[in-house]
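Q: Could you have a look at this structure, given as structure tokens, before my questions?
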Amino acid sequence: MLIINNQKNPRILVIWLHGLGANSHDFKEFIEMLDMDDMEFILPDAPLIPITLNQGLKMQGWYDIKSLEHDEHDIEGLKKSTRIVENIIEKRCKQSKEKLKICLVGFSQGAALSLFFLLNSSVKLDGIISLSGYLPDKVKKTFTPKIPILALHGIHDDIIKIEYAKESYKKFLSEDNFSFLTFYKGHEVIFEEIEHIKKFLMRI
């Protein structure tokens with residue numbers, strides 16, 4: 001686990017979740033480019049698990065992926081990773097005298113876990129940023145907490161196709177608190193997204 005800008009009482013505690021096969025250092029340079037010293041960033045490492053799409057070989061992942069069609073969701077894996085994130089938040093909040101605002105940011109699998117977390121955890125969040133992600137669980141809750149959500153996606157994404165992402169976001173699309181922005185990019189994070197992320201975090 002990597003911690004950036006560790007401090008007693010940060011304005012926001014940001015939990016940043018990497019994608020499949022990556023690790024906690026994957027977004028270190030990107031976060032440093034945000035230049036937001038009043039926020040503490042915690043970047044956990046996903047557990048090493050067998051991935052069906054990867055012929056069962058183990059890699060760091062928040063849950064199993066069977067195919068790029070995303071027609072089956074590893075709900076048990078998502079629940080286990082939700083508990084991992086809950087424990088990280090609970091432990092960190094106990095260290096602070098002030099009540100911390102909490103934002104989840106995730107890329108790809110990490111984004112999917114962030115949105116799943118919103119609908120399946122009792123932990124109160126103050127914001128979510130989904131980078132090239134999707135909502136893996138479309139029906140568990142009819143009630144959606146009214147927190148700001150920013151979703152950024154590439155129109156040329158060949159891993160999580162933009163049509164699939166939009167379909168999965170149906171629960172959110174009509175909500176005033178949900179912003180969906182598209183970019184001329186693939187399954188990646190680009191410099192152009194930095195300003196949108198900064199503005200979102202500054203408004204929380």
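The values are calculated or read from the model by the stated rules, or taken from the named source; none is laboratory data. These numbers come from a predicted model, not from an experiment. Here Cβ is always computed from backbone atoms with ideal geometry, including for glycine, and neighbour counts include all displayed protein chains.
Q: Do you know which residues across the range 1-33 are surrounded by fewer than 18 Cβ atoms within 10 Å (Cβ to Cβ) and of a type outside the set (S, T, N, Q)?
A: Answer for the range 1-33, where residues must be surrounded by fewer than 18 Cβ atoms within 10 Å (Cβ to Cβ) and of a type outside the set (S, T, N, Q): Met1, Leu2, Ile3, Lys8, Arg11, Gly21, His25, Lys28, Glu29, Phe30, Glu32, Met33.
Q: Here is a follow-up. Give all pairs with beta carbons closer than 8 Å in which a residue from the range 138-164 that is farther than 17 Å from Leu181 by Cβ and surrounded by 13 or more Cβ atoms within 10 Å (Cβ to Cβ) meets a residue that is polar (S, T, N, Q) and modelled with pLDDT of 95 or more; count only pairs at least 6 apart in sequence or on separate chains.
A: Sorted first by the residue in the range 138-164, then by its partner, the pairs are Ile159/Ser108; Ile159/Ser132.
Q: Being at negative phi, surrounded by 15 or more Cβ atoms within 10 Å (Cβ to Cβ), part of a helix (DSSP H, G or I) and touching a strand residue (DSSP E or B) at 6+ places or on another chain (Cβ under 6 Å), is that true of even one residue in the range 120-136?
A: no
Q: Using beta carbons and a limit of 7 Å, which pairs, at least six apart or on different chains, have the first residue in the range 79-107 and on the phi < 0 side of the Ramachandran plot and the second one among the acidic types (Asp, Glu) and at pLDDT 95 or above?
A: Lys101/Asp126; Ile102/Asp126; Cys103/Asp126
Results for (1) over 19 Å from Leu13 (Cα atoms); (2) modelled with pLDDT of 95 or more; (3) more than 14 Å from the chain's Cα centre (by Cα); (4) assigned to a strand (DSSP E or B), shown as yes or no for each residue.
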| site | (1), (2), (3), (4) |
| --- | --- |
| Asp71 | yes, no, yes, no |
| Ser81 | no, yes, no, no |
| Lys138 | yes, no, yes, no |
| Lys141 | yes, no, yes, no |
| Pro145 | no, no, yes, no |
